[in-house]
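Working notes, beginning with the structure itself.
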Amino acid sequence: MALVAFLQKLTPVKTQMFDKLGRKPDIQIEEMIKDLEKLLGELKETVPANSNRAKQLAAGLQGKVAVIYGAGALSEVARRWKTQINENSKSWAFYEVFPELNHNSVVGYQFPSELASKIYVVLLRCPSLHPRILTRYQVTSEILKQSGISHETINSQGGSQLSQMMSLVYMGDWVSYYLAILNETDPTPVKAIDYLKKRLSQAK
């Protein structure tokens, strides 16, 4: 949730920050900041669920195992979604990347059949991806539908690749926060990690 808090405080300090550095912000960075400020207005707590995509997606993920798909520049964004859902929401989550997942994962949707209703696949997509990869997204969605697996494609916002990546990072942070609320858990503590570190420190 660090990014959420950072963006909420960013507007009043960004000019001072660049002034101290003695330079103007890069055009892409400036564009990204504007895009994320706009997105904040759409995702923050005061925006009701019927207009808030992050709240809607969190509701879809509640009680499910989240599997996040990404490609290219979005591969590490998918990884962040996985780790944020693990740490903030205290939920199971995994991630995979295109095109590799099309070489094996799509074959594994069939068994065990009882898991189909417990999986929710989120496909992170941006227009800057190669057209061939975008076709893979479409076909994979069709296979998921045929397999009876709940899934949703989340499109990026912004014109630059930086804005597209960061808009999806930001969305994922909000989703993990709202999912934590739905799970009635505090997103801040990471007790299992603390326990692991303690036990490792005791090991000889």
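What to note about this one:
- Boolean, SER163 is in contact with an Asp or Glu (Cβ under 7 Å, 6 or more places away or on another chain) and part of a helix (DSSP H, G or I): yes
- Test: residue in the stretch 50-61 that is free of Cβ contacts under 8 Å to residues at least 12 places away in the same chain, closer than 26 Å to LYS191 by Cα and either within 14 Å of the chain's Cα centre (by Cα) or crowded, with 18+ Cβ neighbours inside 10 Å (or both): no
- Flag for VAL175 being among the aliphatic types (A, V, I, L, M), under 17 Å from VAL65 (Cβ atoms) and either touching a His at 6+ places or on another chain (Cβ under 6 Å) or crowded, with 16+ Cβ neighbours inside 10 Å (or both): yes
- Residue satisfying all of: in the stretch 124-149; touching a helix residue (DSSP H, G or I) at 6+ places or on another chain (Cβ under 7 Å) and small (Gly, Ala, Ser); modelled with the lowest pLDDT among these: SER128
- Residue match in the stretch 108-124 (condition: in a loop (DSSP other than H, G, I, E, B) and touching a strand residue (DSSP E or B) at 6+ places or on another chain (Cβ under 6 Å)): no
The values are calculated or read from the model by the stated rules, or taken from the named source; none is laboratory data. Just so we're clear, the structure is a prediction, and the values are computed from it rather than from any experiment. No Cβ is skipped: glycine too gets one built from the backbone with ideal geometry, and neighbour counts run over all protein chains shown.
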